[in-house]
Amino acid sequence: MTALWVAVALVVAGFAGWPVTALVFKLARTIDDKADAARTAGEARPAAQDPSADVTVDEPSPSPGGQDAAPDADALRGAAGTAGGQAVDGELTAHTGPPSPDGTAAEASAPSQRILRGGAIIGVLERLGVCLAILAGQPVAIAYIVAIKGLGRFAELKETPVAAERFIIGTLTSMLWAAGTAAAVRVLFLQ
(Lines give C-alpha, C1' and ligand atoms only; values in the text may rest on other atoms or scores of the structure.)
Protein backbone atom coordinates (compact mmCIF):
# COMPACT_ATOMS: atom_id res chain seq x y z
CA MET A 1 0.00 0.00 0.00
CA THR A 2 2.92 2.31 0.70
CA ALA A 3 4.19 1.93 -2.87
CA LEU A 4 0.77 2.96 -4.18
CA TRP A 5 0.74 6.17 -2.13
CA VAL A 6 4.31 6.99 -3.16
CA ALA A 7 3.33 6.50 -6.82
CA VAL A 8 0.25 8.69 -6.38
CA ALA A 9 2.34 11.39 -4.70
CA LEU A 10 4.89 11.31 -7.54
CA VAL A 11 2.22 11.54 -10.24
CA VAL A 12 0.37 14.39 -8.51
CA ALA A 13 3.55 16.28 -7.62
CA GLY A 14 5.26 15.77 -10.96
CA PHE A 15 2.48 16.11 -13.49
CA ALA A 16 -0.31 18.05 -11.76
CA GLY A 17 2.20 20.73 -10.80
CA TRP A 18 2.42 22.06 -14.35
CA PRO A 19 -1.12 23.54 -14.43
CA VAL A 20 -0.55 25.04 -10.99
CA THR A 21 2.68 26.68 -12.15
CA ALA A 22 1.00 27.95 -15.33
CA LEU A 23 -1.79 29.46 -13.21
CA VAL A 24 0.72 31.24 -10.98
CA PHE A 25 2.51 32.61 -14.08
CA LYS A 26 -0.81 33.92 -15.38
CA LEU A 27 -1.61 35.49 -12.00
CA ALA A 28 1.83 37.13 -11.85
CA ARG A 29 1.40 38.54 -15.35
CA THR A 30 -2.06 39.90 -14.45
CA ILE A 31 -0.66 41.57 -11.34
CA ASP A 32 2.21 43.08 -13.36
CA ASP A 33 -0.19 44.36 -16.02
CA LYS A 34 -2.44 45.97 -13.39
CA ALA A 35 0.55 47.56 -11.66
CA ASP A 36 1.81 48.95 -14.98
CA ALA A 37 -1.64 50.35 -15.79
CA ALA A 38 -1.94 51.93 -12.33
CA ARG A 39 1.53 53.45 -12.60
CA THR A 40 0.73 54.89 -16.02
CA ALA A 41 -2.58 56.30 -14.78
CA GLY A 42 -0.91 57.63 -11.63
CA GLU A 43 1.73 59.50 -13.64
CA ALA A 44 -0.88 61.10 -15.89
CA ARG A 45 -3.36 62.01 -13.14
CA PRO A 46 -1.39 64.52 -10.97
CA ALA A 47 -0.66 66.88 -13.86
CA ALA A 48 -4.26 66.77 -15.06
CA GLN A 49 -5.72 67.33 -11.58
CA ASP A 50 -3.45 70.19 -10.50
CA PRO A 51 -4.51 73.38 -12.32
CA SER A 52 -1.50 75.27 -10.98
CA ALA A 53 0.98 72.80 -12.42
CA ASP A 54 3.12 74.25 -15.17
CA VAL A 55 2.87 71.48 -17.71
CA THR A 56 4.07 72.00 -21.23
CA VAL A 57 3.42 69.29 -23.75
CA ASP A 58 5.51 69.36 -26.88
CA GLU A 59 3.91 67.99 -29.98
CA PRO A 60 5.91 65.09 -31.36
CA SER A 61 7.94 66.04 -34.36
CA PRO A 62 7.58 63.87 -37.42
CA SER A 63 10.33 61.33 -37.88
CA PRO A 64 12.28 61.17 -41.13
CA GLY A 65 10.01 58.35 -42.30
CA GLY A 66 6.98 60.63 -42.04
CA GLN A 67 5.45 58.91 -38.99
CA ASP A 68 5.03 60.46 -35.58
CA ALA A 69 7.92 59.89 -33.20
CA ALA A 70 5.60 58.89 -30.35
CA PRO A 71 5.59 55.12 -29.96
CA ASP A 72 2.35 53.21 -29.90
CA ALA A 73 1.31 50.86 -27.09
CA ASP A 74 2.71 47.80 -28.87
CA ALA A 75 6.09 49.46 -29.29
CA LEU A 76 6.12 50.37 -25.60
CA ARG A 77 5.27 46.81 -24.65
CA GLY A 78 8.07 45.52 -26.85
CA ALA A 79 10.53 48.05 -25.46
CA ALA A 80 9.62 47.05 -21.91
CA GLY A 81 11.11 43.62 -22.54
CA THR A 82 14.23 44.97 -24.24
CA ALA A 83 17.48 44.38 -22.44
CA GLY A 84 20.88 44.71 -24.07
CA GLY A 85 19.62 44.24 -27.63
CA GLN A 86 17.24 41.44 -26.71
CA ALA A 87 13.50 41.92 -26.74
CA VAL A 88 11.67 39.27 -24.77
CA ASP A 89 8.01 38.62 -25.49
CA GLY A 90 5.44 36.82 -23.36
CA GLU A 91 6.69 33.44 -24.60
CA LEU A 92 10.26 34.23 -23.58
CA THR A 93 11.69 34.33 -27.07
CA ALA A 94 14.69 36.61 -27.44
CA HIS A 95 15.07 38.44 -30.71
CA THR A 96 18.84 38.46 -31.02
CA GLY A 97 19.25 40.94 -33.83
CA PRO A 98 20.90 44.32 -33.32
CA PRO A 99 18.67 47.00 -31.83
CA SER A 100 17.05 49.40 -34.24
CA PRO A 101 17.57 53.18 -33.93
CA ASP A 102 14.41 53.60 -31.82
CA GLY A 103 15.75 51.18 -29.15
CA THR A 104 13.67 48.12 -29.91
CA ALA A 105 15.07 44.88 -31.24
CA ALA A 106 15.17 44.18 -34.94
CA GLU A 107 11.99 42.77 -36.38
CA ALA A 108 11.36 39.50 -38.21
CA SER A 109 14.66 39.61 -40.11
CA ALA A 110 16.56 38.62 -36.97
CA PRO A 111 16.46 35.01 -35.78
CA SER A 112 14.80 34.28 -32.45
CA GLN A 113 16.23 32.18 -29.67
CA ARG A 114 13.93 30.48 -27.18
CA ILE A 115 14.92 31.32 -23.62
CA LEU A 116 14.64 28.71 -20.86
CA ARG A 117 14.15 25.85 -23.31
CA GLY A 118 13.13 22.55 -21.75
CA GLY A 119 11.49 24.25 -18.79
CA ALA A 120 8.48 21.92 -18.72
CA ILE A 121 10.62 18.78 -18.61
CA ILE A 122 12.99 20.29 -16.06
CA GLY A 123 9.99 21.33 -13.96
CA VAL A 124 8.57 17.81 -13.92
CA LEU A 125 11.96 16.36 -12.96
CA GLU A 126 12.40 19.02 -10.28
CA ARG A 127 9.00 18.27 -8.74
CA LEU A 128 9.66 14.52 -8.84
CA GLY A 129 13.03 15.04 -7.15
CA VAL A 130 11.60 17.27 -4.42
CA CYS A 131 8.74 14.85 -3.80
CA LEU A 132 11.10 11.87 -3.59
CA ALA A 133 13.45 13.77 -1.26
CA ILE A 134 10.64 14.53 1.18
CA LEU A 135 9.08 11.07 0.99
CA ALA A 136 12.52 9.53 1.60
CA GLY A 137 13.12 11.83 4.57
CA GLN A 138 16.09 13.52 2.87
CA PRO A 139 15.14 17.22 2.53
CA VAL A 140 18.84 18.10 2.06
CA ALA A 141 18.56 16.66 -1.45
CA ILE A 142 16.33 19.64 -2.34
CA ALA A 143 19.39 21.89 -2.01
CA TYR A 144 21.17 19.79 -4.64
CA ILE A 145 18.19 20.06 -6.99
CA VAL A 146 18.09 23.85 -6.62
CA ALA A 147 21.87 24.12 -7.09
CA ILE A 148 21.89 21.97 -10.23
CA LYS A 149 18.97 23.86 -11.72
CA GLY A 150 20.44 27.28 -10.91
CA LEU A 151 23.88 26.43 -12.27
CA GLY A 152 22.41 24.99 -15.44
CA ARG A 153 20.43 28.16 -16.11
CA PHE A 154 22.97 30.71 -14.85
CA ALA A 155 24.06 32.08 -18.24
CA GLU A 156 20.49 32.59 -19.48
CA LEU A 157 19.38 34.14 -16.20
CA LYS A 158 22.30 36.54 -16.11
CA GLU A 159 21.56 37.85 -19.61
CA THR A 160 17.77 38.19 -19.40
CA PRO A 161 16.08 39.68 -16.31
CA VAL A 162 12.62 38.60 -17.51
CA ALA A 163 13.83 35.01 -17.70
CA ALA A 164 15.29 35.30 -14.19
CA GLU A 165 11.95 36.47 -12.82
CA ARG A 166 10.13 33.64 -14.57
CA PHE A 167 12.73 31.15 -13.29
CA ILE A 168 12.23 32.24 -9.68
CA ILE A 169 8.43 32.19 -9.88
CA GLY A 170 8.39 28.80 -11.60
CA THR A 171 10.94 27.23 -9.28
CA LEU A 172 9.23 28.39 -6.10
CA THR A 173 5.80 27.36 -7.34
CA SER A 174 7.03 23.93 -8.44
CA MET A 175 8.90 23.29 -5.24
CA LEU A 176 6.03 24.40 -3.01
CA TRP A 177 3.60 22.21 -4.95
CA ALA A 178 5.88 19.17 -4.78
CA ALA A 179 6.75 19.71 -1.12
CA GLY A 180 3.10 20.22 -0.17
CA THR A 181 2.00 17.13 -2.06
CA ALA A 182 4.75 14.98 -0.56
CA ALA A 183 4.16 16.30 2.96
CA ALA A 184 0.40 15.70 2.71
CA VAL A 185 0.85 12.12 1.47
CA ARG A 186 3.51 11.42 4.07
CA VAL A 187 1.43 12.76 6.97
CA LEU A 188 -1.94 11.39 5.86
CA PHE A 189 -1.05 8.01 4.37
CA LEU A 190 2.50 6.95 5.24
CA GLN A 191 2.52 7.24 9.04
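The values are calculated or read from the model by the stated rules, or taken from the named source; none is laboratory data. Since the structure is predicted, the reported quantities are computational estimates derived from the model, not experimental observations. Heads up, the Cβs are rebuilt from the backbone with ideal geometry, glycines too, and the neighbour counts pull from every protein chain shown. Heavy atoms of the whole protein, side chains included, go into the accessibility calculation; ligands, DNA and RNA do not. Shrake-Rupley method; radii C 1.70, N 1.55, O 1.52, S 1.80 Å.
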In region 5-39, the residues that are modelled with pLDDT under 95, surrounded by fewer than 12 Cβ atoms within 10 Å (Cβ to Cβ) and farther than 19 Å from PHE167 by Cα: LYS34, ALA35, ALA37, ALA38, ARG39
Identity of the residue in region 135-171, open to solvent by less than 60 Å² (accessible area, probe 1.4 Å) and not in a helix (DSSP H, G or I), that ends up modelled with the highest pLDDT: GLY137
Filter result for LEU116 (touching a helix residue (DSSP H, G or I) at 6+ places or on another chain (Cβ under 6 Å) and without any contact (Cβ under 8 Å) to a residue 12 or more places away in the chain): no
Residue in region 123-134 that is loosely packed, with under 13 Cβ neighbours inside 10 Å and either of a type in the set (Gly, Ala, Ser) or over 22 Å from PHE15 (Cβ atoms) (or both) present: no
